[in-house]
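The values are calculated or read from the model by the stated rules, or taken from the named source; none is laboratory data. None of these values were measured; they are calculated from a predicted model. Here the Cβ positions follow ideal geometry from the backbone for every residue, glycine too, while neighbour counts run over all protein chains shown. Side chains are part of the model used for accessible areas, which takes the heavy atoms of the whole protein and leaves out ligands, DNA and RNA. Shrake-Rupley method; radii C 1.70, N 1.55, O 1.52, S 1.80 Å.
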Amino acid sequence: MIVTPKIFARLVAIAILAVLLQLSFFSRVELLHTSADILPVVVVSLGLLGGSLTGAVAGFSIGLLIDCLLLETMGAFALTMLSVGYVAGRYRETLGRPTRAALVLLGGALTLLGALVIAAIQIGTGIDANVSFLVVRDALVKSLLGALLAIPVLLVVRLVVRSALVDERRAARRTPAPRPVESG
């Protein structure tokens with residue numbers, strides 16, 4: 001991904017919109033007794049489109065914004081989203097663009113990774129949290145919801161940052177121009 005000032009502004013807009021949607025909509029809608037967590041899926045999408053550096057920076061920025069807005073343990077969610085974005089970006093750099101099935105698996109697996117990392121950080125920092133089967137069930141349901149949201153979120157994020165994607169430019173250049181038909 002080529003980050004110009006306009007693309008940077010788009011990335012900031014994606015981050016702010018995702019955080020606002022998470023706090024105002026997705027956190028209030030319950031499916032299977034848990035709320036969907038769209039932020040890891042947005043970070044996965046940015047990591048898959050931009051690579052490990054873009055994914056890690058976007059994840060850290062989104063996580064830090066959430067930590068500041070929710071007055072949580074400073075840096076806990078930022079570290080979690082940083083790791084999710086970095087892993088998604090490393091996947092893209094080592095294995096290339098994922099297929100749709102791999103995208104669904106990545107969305108679910110990295111959402112589960114995010115839920116487990118934030119739980120480990122909260123337990124490690126001494127936050128009073130009850131560890132029970134409900135926490136595990138909640139993490140598994142969030143990962144299933146992340147898998148369901150992976151493709152639509154990636155399509156929206158790709159639409160917003162399409163002009164900065166290197167793969168999209170290569171594909172556009174490879175398309176041969178139509179040749180005029182000679183008559184005679």
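Can you tell which of 20, 65, 39, 53 is open to solvent by less than 20 Å² (accessible area, probe 1.4 Å) and closer than 30 Å to residue 166 by Cα?
Details: 20 fails: open to solvent by less than 20 Å² (accessible area, probe 1.4 Å); 65 fails: open to solvent by less than 20 Å² (accessible area, probe 1.4 Å); 53 fails: open to solvent by less than 20 Å² (accessible area, probe 1.4 Å).
Exactly one residue qualifies, and that residue is 39.
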Next item on the list: Have a look at 55, 85 and point out the one that is in contact with a Ser or Thr (Cβ under 8 Å, 6 or more places away or on another chain) and at pLDDT 90 or above.
Entry: 85
Note to self: Among the residues that make up region 73-96, is at least one of them buried (at least 17 other Cβ atoms within 10 Å of the Cβ), among the aromatic types (Phe, Trp, Tyr) and under 22 Å from residue 126 (Cα atoms)?
What the structure shows: yes
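Return the residue satisfying two criteria in turn: it lies in region 126-150 and is farther than 20 Å from residue 100 by Cβ and open to solvent by 80 Å² or more (accessible area, probe 1.4 Å), and of such residues it is modelled with the highest pLDDT. Explain how you work it out, then say what you get.
Within region 126-150, the subset farther than 20 Å from residue 100 by Cβ is 126-142.
Subsequent filtering for residues that are open to solvent by 80 Å² or more (accessible area, probe 1.4 Å) retains 128, 130-131, 133-134, 140.
Numbers: 128: 65, 130: 63, 131: 65, 133: 75, 134: 76, 140: 90.
Per the criteria, the residue is 140.
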